[in-house]
Amino acid sequence: MITLRSALALFLSSLSLSRAAELDSTQQLQYTLTMAEFDALTFTDLLREYGQPLAPQQGEEMFQTATKFALELADDKLEMSGKTYETAGSDLYFSYVVCNSNGDNVSVKARRDELISEIQKAGISSTNVIMSTSYGSSSIDRSCWLVRVPGNAFAEVFGKNPDVADFVEVQPLLPEMKISQQTVDAAQLILAGNKVTDLTDKATDQDFLGLGLVICDGVYQFDGQTVDDGVVTEKLIDFIKNGQMVKDMSFQYYYFTNLEEGSDYYSERMKLWYDSIVETVDNGGTGDNNNCYNAIDTHMIKAPDSELGNFAVTFDTVDSIELGFVSDDERDSCIYYIIHALALHPYVCTVAPTLVNTIDPPPEPTPPTSGMAMTKVGGMSALLLAVATVAVSML
């Protein structure tokens, strides 16, 4: 049987990128984060994505392969559009976790200014770089930010200024890094007809799933212009209903359909996303014949809030038949597909369940910052309150 290492080598060799004054994606992998390093920053689904039944080393190798896929996807999207860094629209801006570890006891501002300076040395204008206030918790030896740039601009940064690799790490924000740690757990409980009772320390017995999104910085305000809520809503929904685009951007779909010899190596979570795409897109029909797309059109309520940088969706019924599905399994695949598709979109930085305290009086929520990170402080209840303030029932 083919080994995991040789299977991944075959996969990597099928992805090629080489341009002057840029690092190719394989070279760039040495300057990305490990799963453990990223997991120390925030609560996400990453460890589940490349977890059981994969062994730790297998999971790390699969993570590296997914990272390579994301680097090349971002670069290829910009190239195929015919746009440049200066002319790229917001749809071509991709999110990266960027960390600067240059010097101990250096202020966050000093590290941020240094990072911007290094990007500018590569000929990339600061107007083409959208940085969050922070990502995760800064330490005496490292500060991190969520940064949006057109395509894979950091390949040029590393290529033109190799010394920056001594203290800067750049990790593409993979879809599984956008999905909060308990989003899938909450969905699985609800879809099985159970109440959410044990996921957090919040007092709740709710029997519905709320999905709150955090829209990335620079989406509602781009290139000096305010982008209307309706425009963002339309682009997100159009993307979800464009199955081919979802397939093109999904590493999980690419992996299972293009690496037959390595298909024995995958996690349960990877298979969940792949199956949801197959059932919803490949087997679900097109246009008006697709029950998932029809349910989105006729039963999904969209609730954007550009002032808070939030977005939420809800279905107005829980009944599979009313939603137009022939079975609960078809409905379930549609819901998982929607979660995965939302996490794939460049506009979205966080997908999380919004759990409501249904027993004790809830505390006053703190409005989140657009594009903010979920930091590992204050427990899961603080995390969920920080992600979104809009509680909506999806199921």
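For this structure, a couple of remarks:
- If you go through segment 23-62 and keep only what is within 14 Å of the chain's Cα centre (by Cα) and under 21 Å from residue 154 (Cβ atoms), you end up with 38, 42, 44, 46.
- Scanning segment 20-37 for residues that are part of a helix (DSSP H, G or I), open to solvent by 40 Å² or more (accessible area, probe 1.4 Å) and among the hydroxyl-bearing types (Ser, Thr, Tyr) yields 26, 31.
- Once segment 84-97 is narrowed to residues that are touching a Gly at 6+ places or on another chain (Cβ under 8 Å) and assigned to a loop (DSSP other than H, G, I, E, B), the residue that is most open to solvent (accessible area, probe 1.4 Å) is 85.
- For segment 297-312, the count of residues that are modelled with pLDDT of 80 or more and β-branched (Val, Ile, Thr) is at least one.
- Each residue in segment 112-132 was checked for being open to solvent by less than 10 Å² (accessible area, probe 1.4 Å) and farther than 24 Å from residue 70 by Cβ, and 0 pass.
- All positions within segment 38-62 that are in a helix (DSSP H, G or I), touching a residue at least 40 places away in the same chain (Cβ under 8 Å) and not polar (S, T, N, Q): 38, 46, 48, 49, 59, 61, 62
- Unmet requirement for residue 48, which otherwise passes all of (1) out of contact with any Lys or Arg (no Cβ under 7 Å at 6 or more places or on another chain); (2) open to solvent by 50 Å² or more (accessible area, probe 1.4 Å): (1)
- Wholly enclosed helices (runs of 4 or more DSSP H) of segment 217-306 bearing at least 2 residues in contact with a Leu (Cβ under 8 Å, 6 or more places away or on another chain): 229-240, 243-249, 291-299
- Residue match in segment 310-320 (condition: open to solvent by less than 60 Å² (accessible area, probe 1.4 Å), over 18 Å from residue 245 (Cβ atoms), part of a helix (DSSP H, G or I) and touching a Lys or Arg at 6+ places or on another chain (Cβ under 8 Å)): yes
- Among the conditions (1) over 23 Å from residue 348 (Cα atoms); (2) in contact with an Asp or Glu (Cβ under 9 Å, 6 or more places away or on another chain); (3) among the β-branched types (Val, Ile, Thr), the only one that residue 32 does not satisfy is (1).
- Residue match in segment 227-239 (condition: at pLDDT 90 or above and among the aromatic types (Phe, Trp, Tyr)): yes
- Residue count for segment 138-196 under the criterion of being assigned to a loop (DSSP other than H, G, I, E, B), small (Gly, Ala, Ser), at negative phi and buried (at least 22 other Cβ atoms within 10 Å of the Cβ): the result is 2.
- Residue-level check: of (1) farther than 25 Å from residue 139 by Cα; (2) open to solvent by 20 Å² or more (accessible area, probe 1.4 Å); (3) in contact (Cβ under 8 Å) with a residue 12 or more places away in the chain; (4) among the small types (Gly, Ala, Ser), residue 81 misses just (3).
The values are calculated or read from the model by the stated rules, or taken from the named source; none is laboratory data. This structure is a prediction, so every number in the text was calculated from the model and none was measured. Note: ideal-geometry Cβ built from the backbone for every residue, glycine included; neighbour counts use all protein chains shown. These area figures cover heavy atoms from the full protein model, side chains too; ligands, DNA and RNA do not enter into them. Shrake-Rupley method; radii C 1.70, N 1.55, O 1.52, S 1.80 Å.
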